[in-house]
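S.K.: I am attaching a structure below and will ask some questions about it afterwards.
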Amino acid sequence: MSTGGASSELVRAFSAAFARADLQALRGMVTDDVVFESTSPAPDGHRFEGVDAVLKVWSEIVRGSIDPVFAEEESFLSGDRAVVRWTYSWTSADGSPGHVRGVDVMRFREGKVCEKLSYVKG
């Protein structure tokens, strides 16, 4: 079965680049027409289309927090998709800690991420 270029190595590399807020590395791992659906506002989040719009919102997510930490808990592949279970934690400007647990449903095309749909608990 074709994985559309998806591999466990690609998923790990993507998670690692996201964890270190490496937007240049992420740019190289997504298609020009990438789609990202964020976790907020509830209930459906926002939809962003295109590499520039998606990288801009990812930049805002990590730059809006002090000491952000993205940690992949587990992932698995099926065909051209991956599911990644993760925890994202941060410190707010007032010094209080926060975290969310979530899941990304990702789709790949030609060895790059073309879709990242994010969901969180609660």
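S.K.: Along the Cα-to-C-beta direction of Ser7, a point sits 7 Å from the Cα; which residues of region 80-122 have their amide N less than 16 Å from that point?
M.R.: 80-82, 108-113
S.K.: When 1/r is averaged over all different Cα pairs and the result inverted, which Kirkwood radius in Å belongs to region 80-122?
M.R.: On the way: mean 1/r = 0.0842 Å⁻¹.
The Cα-based Kirkwood calculation yields 11.9 Å.
S.K.: Take Arg47 and Ala16, extend 7 Å from each Cα along the Cα→Cβ direction, and tell me the distance between the two endpoints in nm.
M.R.: Label at Arg47, label at Ala16, 3.3 nm between them.
S.K.: Additional query: Excluding same-chain residues fewer than 8 positions from Lys56, which aspartates and glutamates have a Cα within less than 16 Å of its Cα?
M.R.: Here the aspartates and glutamates satisfying the reach criterion relative to Lys56 are Asp22, Asp32, Asp33, Glu37, Glu115.
S.K.: Which order do you get for Phe36, Phe76 if you rank them by accessible area with a 1.4 Å probe, largest at the top? Provide the component values of the computation, followed by the final result.
M.R.: Numbers: Phe36 5, Phe76 115 Å².
Descending accessible area places them as Phe76, Phe36.
S.K.: With all protein chains present, how much of the accessible area of the chain (probe radius 1.4 Å) comes from carbon and sulfur, to the nearest whole percent?
M.R.: On the way: 3580 of 6800 Å².
Solvent-exposed carbon and sulfur of the chain make up 53 percent of the total.
S.K.: Let me ask another. Can you pull a Stokes-Einstein diffusion coefficient for region 1-63 at 4 °C (1.567 mPa s), Rh from Kirkwood over Cα pairs, as a whole number of µm²/s?
M.R.: On the way: Rh = 12.6 Å.
Taking Rh from Cα pairs, D becomes 103 µm²/s.
S.K.: Follow-up. So what is the accessible area of the chain per residue, in Å², with the probe set to 1.4 Å?
M.R.: Values: 6800 Å² over 122 residues.
Per-residue accessible area for the chain comes out at 56 Å².
S.K.: State, as an integer percentage, the relative contact order of region 28-122 based on alpha-carbon contacts under 8 Å between residues 6 or more apart. List each step's numbers first, then the result.
M.R.: Numbers: 184 pairs, mean separation 26.7, N = 95.
For region 28-122, the relative contact order is 28 percent.
S.K.: Let me ask something additional. Assigning unit charges at the beta carbon (Lys, Arg +1; Asp, Glu -1) and nothing else, what dipole magnitude in debye, to the nearest 20, does the chain show about its Cα centre?
M.R.: On the way: 14 positive and 18 negative charges, 25 e Å.
Dipole of the chain, to the nearest 20 debye: 120 debye.
The values are calculated or read from the model by the stated rules, or taken from the named source; none is laboratory data. Because the structure is predicted, anything quoted here is derived from the model rather than measured. For neighbour counting, all protein chains shown are included, and Cβ atoms are generated from backbone atoms with ideal geometry for every residue, glycine included. Surface accessibility is based on the protein's heavy atoms, side chains included, excluding ligands, DNA and RNA. Shrake-Rupley method; radii C 1.70, N 1.55, O 1.52, S 1.80 Å.
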